[in-house]
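Working notes, beginning with the structure itself.
The values are calculated or read from the model by the stated rules, or taken from the named source; none is laboratory data. These numbers come from a predicted model, not from an experiment. Every residue, glycine as well, gets a Cβ built from its backbone with ideal geometry; the counts of neighbours run over all protein chains shown.
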Amino acid sequence: MQELATKTKTRLWIIAGIIYGLSALLLIRIFYLQFVMGAEYFRKAMENRTQMIPIQAYRSVILDRNETNRLAYNRKSLSILVVPAYLPENPQKREIVLSNAALLLEMTVESITNAIKEQALDKYTPVILKYDIDPKTMIRFFERFDLYREGFSCENRPRRIYPLREKAGQVVGYTGIINKEELKKLGTNAEYHSGSVVGKMGIEKYYDEMIRGKEGILERLVDVKGNVLSEVMPPGHEPVGGNTIVLSLDSDLQELAYDLMGDKNGAVVVSKPATGEILALVSKPSFDPNIFTDRFSIEEFFTLKNNADKPFLNRAIQGAYPPSSIFKLVTASAILDANENPQETVYCSGQMRIGNRIFKCWSRHDTVNLMTGLANSCDVYFYTFGLKVGRDAIMKFSDMYGINRKTEIDIPGESVGLLPELNWFKKNYNRPWQNGDTANIAIGQGDLLATPIEINTLTATIVNNGVAFRPYILKKVISYSDHSVVWEKKSEVLRKVNLSYENFEFLRKAMRGVASYGTAKWLRDVTDVPIAAKTGTGEAGEGRADHAWFTCYAPYGATNSGDVIAVTVVVEHGGWGSAVAAPIAAQIIDYWFKKKNPMTFPKNVDQ
């Protein structure tokens, strides 16, 4: 009996030890969770209940040079958003919520899931499914909020509006959700994160950090079901809109230049040589940037991007074309610099033999000198004197005028032309340079390429006696808060061409000859604005029609350099520059000096 009591007592002690041991472990665990890890778990619990919502700031209003016409602005748009992280984890429940939303928004479940895949870099990125929902949709959303509360919300979001639509698509640009490559590049700036709206092209992209403003933060407290309990914006975390920016573009001139291109592909550049300001920058075909503020699928984007007419190509700064006879201005500079007598004549029979080849001229000009050779664009004259001064002299002035260099205009994506250096030539043709190649280069053919912005800068350089200003589009910045001017552009010298004033005066007089008695003499009958110009017809190859070039400035003989504008037009496969591109430039000039900046001109400007 005593032995049984001893055994029972031992067992009780063992059981008690186990109970006390487990209790001790439980107390230790409670102590650890409560006092050691308590703060961490409290933080995580609060994170589960508190949502930090980034509030997008209103992007800068973009104005034209007159500060009255808007090129981009924002308006409030009642939008339906989805945050993937807050959708139900259960696949069946998720499908039900998405189906309810699809029915409400008149979308498909597939289009909603595709939108999430395309826009959301992570599960917390808000995805805008529909802008500008109507009042009936909004009422239905809030009346049956229990159907959508897991993942969906209805908020006022800024929507970007571009009044000129496709007429300024490439130059102003558009916005979109940041992609992985952009986030990797811009991630060092705390303002950029998954879900950020960024500029994708043009001014919107080049000056994005300035335009985007400063995002705000909204703290939202929710319960386990996702119901919003409270919202608060911490002091100092309010969104701040971007400062108003003023461009050098003239909205009316931009529209006119685009319309004048009609159904033709090409580009127009209008600038003020005395400063470098760009008054109009047109590329056609174009696209309407407003489409990117609607739901726009990846498939639709690539359909537009892969269009054979390349609407995303900004031909004004990225299109490279043979400069053709406009390049004769460069060759003429080399001839004048070599101290060749500009009065020395050449007889043009319509062709010229060089080696064992016959090089043709576009017409028969009989006896011409440098002045009349430029005015009438005589190829034979430039074959002759191009060979005389040599390839290196021509290439030297090509480089000085910047034919193969960026103008550094303040929009992204600028390309450069091509000067066929000897190494490049040998690599591509596996033969030495020949006289025929020099003859081709002298008249702007062969392998030469130039962009419209380069040709416009060349024209402005001649106006400025060899000084090339950097072209620019951003003119000034106006404070968002007090409307004061916080920054204003100062002209920058890009390069200088080493040629005497007398020689530049000769070039300007020859350009005036183009419009008064040369290849574009008909201009005298359509406008009384004195124009100095150069025509060009660039070979497109493969049996296609030539590219039509025309570059000019007006008014010729102006006493105030600030009055002068330079206009460059290229029409792809347009044929003769004088017949196709020149009328566009003439109408732009007539409009500028008759409607925008009325002036009177003397009758004896050529004397």
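Pairing residues of the stretch 136-153 that are assigned by TED's automatic domain parsing to the domain that holds Pro88 and closer than 12 Å to Leu103 by Cβ with residues that are outside any helix (DSSP H, G or I) and of a type outside the set (Val, Ile, Thr), at Cβ distances under 9 Å and at least 6 apart in sequence or on separate chains, gives Thr137/Leu78; Thr137/Glu106; Thr137/Lys130; Thr137/Cys154; Phe141/Tyr148; Phe141/Phe152; Phe141/Cys154; Tyr148/Cys154. Checking the stated criteria, Leu256 turns out not to satisfy the condition of being under 29 Å from Asn465 (Cβ atoms), outside any strand (DSSP E or B) and at pLDDT 90 or above.
Only one entry of Gly350, Gly373, Gly355 meets the criterion of being buried (at least 21 other Cβ atoms within 10 Å of the Cβ), within 21 Å of Gly436 (Cβ to Cβ), of a type outside the set (D, E, K, R) and outside the structural domain of Leu63 (by TED's automatic domain parsing), and that entry is Gly373.
When Lys426, Lys509, Lys476 are checked against the criterion of being surrounded by fewer than 21 Cβ atoms within 10 Å (Cβ to Cβ), closer than 30 Å to Ile211 by Cα and not assigned by TED's automatic domain parsing to the domain that holds Lys205, a single residue qualifies: Lys476.
Any residue at all in the stretch 573-588 that is in contact (Cβ under 8 Å) with a residue 24 or more places away in the chain, buried (at least 17 other Cβ atoms within 10 Å of the Cβ), not basic (Lys, Arg) and not in a helix (DSSP H, G or I)? Yes; the residues of the stretch 573-588 include at least one that is in contact (Cβ under 8 Å) with a residue 24 or more places away in the chain, buried (at least 17 other Cβ atoms within 10 Å of the Cβ), not basic (Lys, Arg) and not in a helix (DSSP H, G or I). Scanning the stretch 230-274 for residues being in contact with a helix residue (DSSP H, G or I) (Cβ under 7 Å, 6 or more places away or on another chain) and of a type in the set (Gly, Ala, Ser) gives a total of 6.
Out of Tyr192, Tyr162, one residue alone is closer than 22 Å to Lys117 by Cα, in contact with a helix residue (DSSP H, G or I) (Cβ under 8 Å, 6 or more places away or on another chain) and not hydrophobic (A, V, I, L, M, F, W, C). It is Tyr192.
Please verify whether Thr559 is in contact with an Asp or Glu (Cβ under 6 Å, 6 or more places away or on another chain), assigned by TED's automatic domain parsing to the domain that holds Leu458, surrounded by fewer than 24 Cβ atoms within 10 Å (Cβ to Cβ) and not in a strand (DSSP E or B), treating the condition exactly as stated. Considered against the rule, which asks whether it is in contact with an Asp or Glu (Cβ under 6 Å, 6 or more places away or on another chain), assigned by TED's automatic domain parsing to the domain that holds Leu458, surrounded by fewer than 24 Cβ atoms within 10 Å (Cβ to Cβ) and not in a strand (DSSP E or B), Thr559 comes out as no.
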